[in-house]
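S.K.: Okay, here's the structure, questions in a sec.
The values are calculated or read from the model by the stated rules, or taken from the named source; none is laboratory data. Not measured: the values here are computed from a predicted model. In this analysis, Cβ positions are derived from the backbone assuming ideal geometry, glycine residues included, and neighbour counts consider all displayed protein chains.
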Amino acid sequence: MSDRRVRVRVPATSANLGPGFDAFGLALGLYDEASVSVADSGIQVEVTGEGAGEVSTGDDNLVVQAMNATFDQFGERPDGLRLHCTNTIPHGRGLGSSAGAIVAGVLAARALVENGEDRLDDDGCLMLAASLEGHPDNVAACLLGGLTVAWIDGGAHSRAYRLDPGEVSAVVFVPNAPVSTQAARGLLPATVPHADAAANAGRAGLLVAALAGRPHEPVNLDLLLAATEDRLHQPYRAPAMPESLALVRELRDRRVPAVISGAGPTVLAFCQELDSAKLAAEAPAGFVARCLDVDGEGAVVQRGTGNGE
């Protein structure tokens, strides 16, 4: 094990983006940071920012769990760990906080193991993170940045492809109360009409074309409005987040491409940068709006100089 301190910065993510259920992810410029070093014994966890006083500070902390799962891949665990989490990604709001914690833990553990990157490559990190999260869409965007399309190959191996979006900004409308992913997923039916599935397949293809058309050129928001239409999951989740779905409908009636972010209840609206502040200022009561850029780096690892520094 290395005696150097490792810092991992992970971006927020928005999954689904309307029609890309459990497949599409977008990295956003809002970040959590985990700072980790090896200790002589025990688990020492400190959390500041989002989740402070709520998330576990023991060995069942999600970052610690991801680190231990990664150490097990190498067949060795340190005697102790010191972990400090500085969080800005809201919890339980559909912005990938759990994916960020898992990715931070996987990458931090790999960085602490000598020759870790040679023994566990980036594809291995994606597969491990996806297995811990339960699906690959958020962790893929968190690891790689940009716009990602993720899938499970052969029923077991998570894969992802990264694209660079054109010029586009996002406004996220974050409600005060969370909704659990499990509760939101529990509202989904076991089957859907064939016509709805076909419509979503077409919109998903259009969404890739609309977002990843030409780098450094503004995306076509009219095309993006059509591309973000969904019939597979958002309508069924209305009972868990009626205010969020009402906001989506209101924005789309104004020709603003808006979707539920992940499992919700955050609403994500696409816009051009010049319009983002105006759109954010129109946040309805019960929502806090933030203007975010698309993150192009994904998770970033920094190593200290030694002696835990």
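S.K.: How about the range 201-227: which of its residues are of a type in the set (K, R) and within 16 Å of L26 (Cβ to Cβ)?
M.R.: Answer for the range 201-227, where residues must be of a type in the set (K, R) and within 16 Å of L26 (Cβ to Cβ): just R203.
S.K.: Okay, moving on. Between A289, A246, which is under 21 Å from the mean Cα position of the chain (by Cα) and either within 30 Å of D196 (Cβ to Cβ) or of a type outside the set (D, E, K, R) (or both)?
M.R.: One residue alone meets the criteria, A289.
S.K.: When you look at L274, is it aliphatic (A, V, I, L, M) and under 30 Å from R110 (Cα atoms), yes or no?
M.R.: Numbers: aliphatic (A, V, I, L, M): yes; under 30 Å from R110 (Cα atoms): no.
Against the criterion (aliphatic (A, V, I, L, M) and under 30 Å from R110 (Cα atoms)), L274 does not qualify.
S.K.: Could I ask something else about it? Failed condition for D153, given (1) out of contact with any helix residue (DSSP H, G or I) (no Cβ under 6 Å at 6 or more places or on another chain); (2) assigned by TED's automatic domain parsing to the domain that holds A240, with all others met?
M.R.: So the condition that D153 fails would be (2).
S.K.: Shifting gears a bit: Taking the range 233-248, which residues are in a helix (DSSP H, G or I) and within 21 Å of A201 (Cα to Cα)?
M.R.: Answer for the range 233-248, where residues must be in a helix (DSSP H, G or I) and within 21 Å of A201 (Cα to Cα): P235, Y236, R237, V248.
Every residue, every condition in (1) touching a Leu at 6+ places or on another chain (Cβ under 6 Å); (2) of a type in the set (A, V, I, L, M); (3) crowded, with 19+ Cβ neighbours inside 10 Å, yes or no:
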residue: L95; (1), (2), (3): no, yes, yes
residue: A109; (1), (2), (3): no, yes, yes
residue: L120; (1), (2), (3): no, yes, yes
residue: L128; (1), (2), (3): no, yes, yes
residue: S131; (1), (2), (3): no, no, no
residue: C142; (1), (2), (3): no, no, yes
residue: A150; (1), (2), (3): no, yes, yes
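S.K.: May I ask you to list the residues in the range 111-127 that are part of a helix (DSSP H, G or I) and free of Cβ contacts under 8 Å to residues at least 60 places away in the same chain? Give the derivation first.
M.R.: Residues of the range 111-127 part of a helix (DSSP H, G or I): 111-112, 116-119, 122-127.
Once the filter is applied, which keeps residues that are part of a helix (DSSP H, G or I) and free of Cβ contacts under 8 Å to residues at least 60 places away in the same chain, the range 111-127 yields G116, E117, D118, R119, D122, D123, G124, C125, L126, M127.
S.K.: I'd like the full set of residues that are free of Cβ contacts under 8 Å to residues at least 24 places away in the same chain, under 18 Å from F21 (Cα atoms) and of a type in the set (G, A, S), limited to the range 128-155.
M.R.: Correct list: G134, G155.
S.K.: Test A263 against the criterion of being crowded, with 18+ Cβ neighbours inside 10 Å and at pLDDT below 95, and give yes or no. Lay out the reasoning, then the answer.
M.R.: On the way: crowded, with 18+ Cβ neighbours inside 10 Å: yes; at pLDDT below 95: yes.
Answer is yes for this residue.
S.K.: So how many residues does the range 219-237 have that are surrounded by 13 or more Cβ atoms within 10 Å (Cβ to Cβ) and under 16 Å from F270 (Cβ atoms)?
M.R.: Total meeting the criteria: 12.
S.K.: Which of (1) in a loop (DSSP other than H, G, I, E, B); (2) within 19 Å of the chain's Cα centre (by Cα) is the odd one out, the single condition R214 does not satisfy?
M.R.: With respect to (1) in a loop (DSSP other than H, G, I, E, B); (2) within 19 Å of the chain's Cα centre (by Cα), R214 is out only on (2).
S.K.: Within the range 177-210, track down each residue that is over 19 Å from the mean Cα position of the chain (by Cα) and outside any helix (DSSP H, G or I).
M.R.: The answer is L187, L188, P189, A190, T191, V192, P193.
S.K.: Residue under question is D22, and the condition is that it be at pLDDT below 95, among the acidic types (D, E) and either assigned by TED's automatic domain parsing to the domain that holds T148 or out of contact with any strand residue (DSSP E or B) (no Cβ under 9 Å at 6 or more places or on another chain) (or both); does it hold?
M.R.: Yes, satisfied.
S.K.: A further question follows. Out of (1) small (G, A, S); (2) over 26 Å from Q302 (Cβ atoms); (3) in contact with a Cys (Cβ under 7 Å, 6 or more places away or on another chain), the odd one out for A99 is which?
M.R.: In the conditions (1) small (G, A, S); (2) over 26 Å from Q302 (Cβ atoms); (3) in contact with a Cys (Cβ under 7 Å, 6 or more places away or on another chain), A99 misses (2) alone.
S.K.: Now for a different question. Of R237, R254, which residue is over 24 Å from S98 (Cβ atoms) and out of contact with any strand residue (DSSP E or B) (no Cβ under 6 Å at 6 or more places or on another chain)? Break it down into steps so the answer makes sense when it comes.
M.R.: Numbers: R237 fails: over 24 Å from S98 (Cβ atoms).
Step by step, each of R237, R254 is checked, and only R254 is over 24 Å from S98 (Cβ atoms) and out of contact with any strand residue (DSSP E or B) (no Cβ under 6 Å at 6 or more places or on another chain).
S.K.: Additional query: Would you mind stating whether P11 is in contact (Cβ under 8 Å) with a residue 60 or more places away in the chain, assigned by TED's automatic domain parsing to the domain that holds L107, over 12 Å from the mean Cα position of the chain (by Cα) and closer than 24 Å to A263 by Cβ? Break it down stepwise before answering.
M.R.: Numbers: in contact (Cβ under 8 Å) with a residue 60 or more places away in the chain: yes; assigned by TED's automatic domain parsing to the domain that holds L107: yes; over 12 Å from the mean Cα position of the chain (by Cα): no; closer than 24 Å to A263 by Cβ: yes.
Criteria not met by P11.
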